[in-house]
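Where a number appears in this text, it was derived from the coordinates with a stated rule and is not lab data. No experiment lies behind these values; they were computed from the predicted model shown. Positions of Cβ are generated from backbone atoms using ideal geometry, with glycine treated the same way; all protein chains shown enter the neighbour counts.
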């Protein structure tokens with residue numbers, strides 16, 4: 001009976017148990033890509049899941065090895081494969097990429113002094129400048145590098161001197177869509193959280209970053225694809241490069257790019273993105289003005305490089321979204337209710353000028369000379 005029981009268990013495992021486990025593994029493996037696309041998993045979590053799946057599958061294979069290795073040739077082949085794999089792993093471990101540091105860490109000793117931090121905000125005319133010393137102290141108290149925090153502030157809103165942050169007086173350090181702690185905000189404006197003070201806005205950003213760190217995203221390279229995902233029209237590689245360059249400039253030393261900027265789309269979109277980045281404007285292919293600029297370039301009517309971010313103006317009680325390019329100015333009428341705006345209605349200033357007669361010269365108070 002003792003000898004019969006293991007044989008029975010083995011037969012039951014091979015008949016039903018092994019097939020069930022393999023089916024579950026296949027289901028989990030097929031679920032990883034859609035969960036990653038839907039951002040229900042971070043790339044790091046998906047990679048860990050794939051490693052666990054590979055380990056379980058290899059363990060199941062090892063249970064069959066005694067039967068598979070009855071042939072001497074198979075044993076020799078497996079030993080050769082293990083030797084090659086070990087050598088390849090050692091080679092990867094010794095590559096410069098593997099030996100390099102993990103990236104630009106959020107947690108570090110300050111790479112910028114408090115005086116320089118305050119001076120940068122003052123020189124930029126930032127509305128956060130009067131609170132600079134206190135904001136610096138808050139960031140340091142959270143254990144984060146104020147240089148990295150300041151670089152995010154610069155990249156997101158030019159220190160809140162442009163875009164939605166300036167228009168809505170959001171006091172939103174990192175342009176968060178919603179507050180981490182609702183009590184710190186007074187609702188939203190233009191799709192972003194509006195904070196009660198700069199201090200509360202900075203605390204919320206710091207706690208968001210600490211949440212990333214606790215999930216294993218402790219560097220700019222790991223966090224930015226989640227913080228500014230490509231699905232929202234961002235270019236994470238360009239974002240990462242901008243943060244690294246800015247922090248390096250403030251730290252007074254060179255920091256190499258983590259990698260060449262990589263684009264998943266077509267060459268034309270990559271070149272348009274590079275054109276935008278040359279003027280410190282990030283290209284968002286899903287945004288109305290940027291999509292229109294790309295379509296017009298395809299049609300042989302290029303707008304040139306953007307000269308600034310888009311903004312909203314008020315003309316006679318009607319609001320318009322406006323963005324200025326080197327060769328043209330684009331505008332879109334904004335509906336009384338923002339949600340009803342037709343963002344596909346992008347118009348050229350040149351077409352507007354052609355609709356009416358040229359203006360007559362304004363009269364001057366100084367009489368013409370005889």
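Overview of values
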item: Added length on full extension, which subtracts the Cα-Cα distance from 0.36 nm per residue, residue 269 to residue 62; result: 69.7 nm
item: Burial order of peptide ranges 114-124, 287-297 (average beta-carbon count within 10 Å, highest first); result: 287-297, 114-124
item: Taking 282, 134 and counting other C-beta atoms within 10 Å, the order from fewest to most; result: 134, 282
item: Segments 146-154, 226-234 sorted - mean Cβ within 10 Å per residue, highest first; result: 146-154, 226-234
item: Prolate/oblate/rounded call for segment 271-346, Cα gyration tensor, a/c under 1.5 rounded; result: prolate
item: Net lengthening on full extension, residue 46/residue 114 (0.36 nm per residue, minus Cα-Cα); result: 20.6 nm
item: Shape of segment 114-251, Cα gyration tensor, a/c cut at 1.5; result: rounded
